[in-house]
1. With respect to Arg141, determine if the residue is of a type in the set (D, E, K, R), under 23 Å from Gly243 (Cβ atoms) and part of a helix (DSSP H, G or I).
2. Out of the residues in the stretch 146-161 meeting the condition of being under 13 Å from Asn86 (Cβ atoms) and over 18 Å from the mean Cα position of the chain (by Cα), tell me which one is surrounded by the fewest Cβ atoms within 10 Å (Cβ to Cβ).
3. Please specify each residue of the stretch 116-133 satisfying the condition of being among the aliphatic types (A, V, I, L, M) and touching a strand residue (DSSP E or B) at 6+ places or on another chain (Cβ under 9 Å).
4. Going by the structure shown, is Gly121 touching a helix residue (DSSP H, G or I) at 6+ places or on another chain (Cβ under 6 Å) and without any contact (Cβ under 8 Å) to a residue 24 or more places away in the chain?
5. Find the residue count for the stretch 148-173, including only residues that are in a strand (DSSP E or B) and closer than 22 Å to Asn199 by Cα.
6. Quick one: would you say Ser111 is in the same structural domain as Ser240 (by TED's automatic domain parsing), hydroxyl-bearing (Ser, Thr, Tyr), out of contact with any helix residue (DSSP H, G or I) (no Cβ under 8 Å at 6 or more places or on another chain) and surrounded by fewer than 22 Cβ atoms within 10 Å (Cβ to Cβ)?
7. On the given criteria, is Pro95 surrounded by fewer than 16 Cβ atoms within 10 Å (Cβ to Cβ), in a loop (DSSP other than H, G, I, E, B) and at pLDDT 90 or above?
Amino acid sequence: MTKMEDPFEQLLNRLEPPVTTIVADTFLFWAVGVGNRRNIPVASFFPMSATLFSMFHHVDLLAQNGHHPIDISDSSSVTTGSDNLNYLQWLDSQPCHSVLYISFGSVLSVSSAQTDEIAAGLRDSGVRFLWVARGEASRLREVCGEMGLVVPWCDQLKVLSHSSVGGFWTHCGWNSTVEGLFSGLPFLTFPIALDQFSNSRAAVEDWKIGWRVKRQAGVETLVPREEIAELLKRFMDLESHEGKEMRRRARKVQKICEEATANGGSSETNMDAFTREITQLLLPSHEEI
């Protein structure tokens, strides 16, 4: 990302009319320097939760209190692509709210040992599922049984919005968390690193729309197949009182999200307020003398 600075400045030199404000991702720290050199205000856009922003702001407390970051070395992989399986057609053939959608993101991966336990737990639970498992889809198809599909990629928002999907097992990355909230689904949380732990805590403890799969945070904690199978049976039981209450709360959060993004909602209101503030900052005063 640091190599973007020079091309960005070259772009600014060519633009007409000239740029008067820069809105930049917080992690593109060099944008502040560009703005300072050109006397252009820079607004920081933080695309994650306010909780994580607060954590970054107080990161010095980690050292003061003796906390240490989780070791995620050798755990990353990035894959892209699509799959020829018609997973949407398969979803169309499943009963309403009967399918568990599983995805742990595209950047950080679950250990091979844990992946095997998840596959065995799915098989033993008898729960219908659609699992996005990048890089291991072919192998896992043979392990998971006949109750679901394993694919290397899918259109996540379409899947989450499908009527046959009744739950979301997620790593709690911010994009996945937001999409799950907008879809009104309960969560099984499986955080791996970074903001995923605070997002998981919000879903489980604050919004009360999900359960943790891991009893203890940390990539080394192995959840056995027996525990996974029992948890999945409970989670996808649409007739249980706890399941009904969790889904009711998830739908309530969904409604809040819809209201926030509707015309006149808080998203539009806040964006309008931001635009007015920037405009007032840039334009000279027109007060009458």
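1. Numbers: of a type in the set (D, E, K, R): yes; under 23 Å from Gly243 (Cβ atoms): no; part of a helix (DSSP H, G or I): yes.
So Arg141 does not fit the description; no.
2. In this case the residue turns out to be Leu149.
3. To start, the set of residues in the stretch 116-133 that are among the aliphatic types (A, V, I, L, M) comprises 118-120, 122, 127, 130, 132-133.
The answer is Ile118, Ala119, Leu122, Val127, Leu130, Val132, Ala133.
4. On the way: touching a helix residue (DSSP H, G or I) at 6+ places or on another chain (Cβ under 6 Å): yes; without any contact (Cβ under 8 Å) to a residue 24 or more places away in the chain: no.
So Gly121 does not fit the description; no.
5. First pass over the stretch 148-173, keeping only residues in a strand (DSSP E or B): 148-151, 165-170.
Still in the running and closer than 22 Å to Asn199 by Cα: 165-170.
Count: 6.
6. Numbers: in the same structural domain as Ser240 (by TED's automatic domain parsing): yes; hydroxyl-bearing (Ser, Thr, Tyr): yes; out of contact with any helix residue (DSSP H, G or I) (no Cβ under 8 Å at 6 or more places or on another chain): yes; surrounded by fewer than 22 Cβ atoms within 10 Å (Cβ to Cβ): yes.
It is true that Ser111 is in the same structural domain as Ser240 (by TED's automatic domain parsing), hydroxyl-bearing (Ser, Thr, Tyr), out of contact with any helix residue (DSSP H, G or I) (no Cβ under 8 Å at 6 or more places or on another chain) and surrounded by fewer than 22 Cβ atoms within 10 Å (Cβ to Cβ).
7. Working: surrounded by fewer than 16 Cβ atoms within 10 Å (Cβ to Cβ): yes; in a loop (DSSP other than H, G, I, E, B): yes; at pLDDT 90 or above: yes.
Taking the combined requirement at face value, the residue satisfies it.
The rows are residues; the columns are (1) closer than 19 Å to His97 by Cα; (2) in the same structural domain as Pro224 (by TED's automatic domain parsing); (3) in contact (Cβ under 8 Å) with a residue 24 or more places away in the chain.
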{"residue": "Ser138", "(1), (2), (3)": "no, yes, no"}
{"residue": "Glu146", "(1), (2), (3)": "yes, yes, no"}
{"residue": "Leu149", "(1), (2), (3)": "yes, yes, yes"}
{"residue": "Ser163", "(1), (2), (3)": "yes, yes, yes"}
{"residue": "Thr170", "(1), (2), (3)": "yes, yes, yes"}
{"residue": "Glu179", "(1), (2), (3)": "yes, yes, no"}
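The values are calculated or read from the model by the stated rules, or taken from the named source; none is laboratory data. Worth saying up front: this structure is predicted, and the values here are computed from it rather than measured. Heads up, the Cβs are rebuilt from the backbone with ideal geometry, glycines too, and the neighbour counts pull from every protein chain shown.
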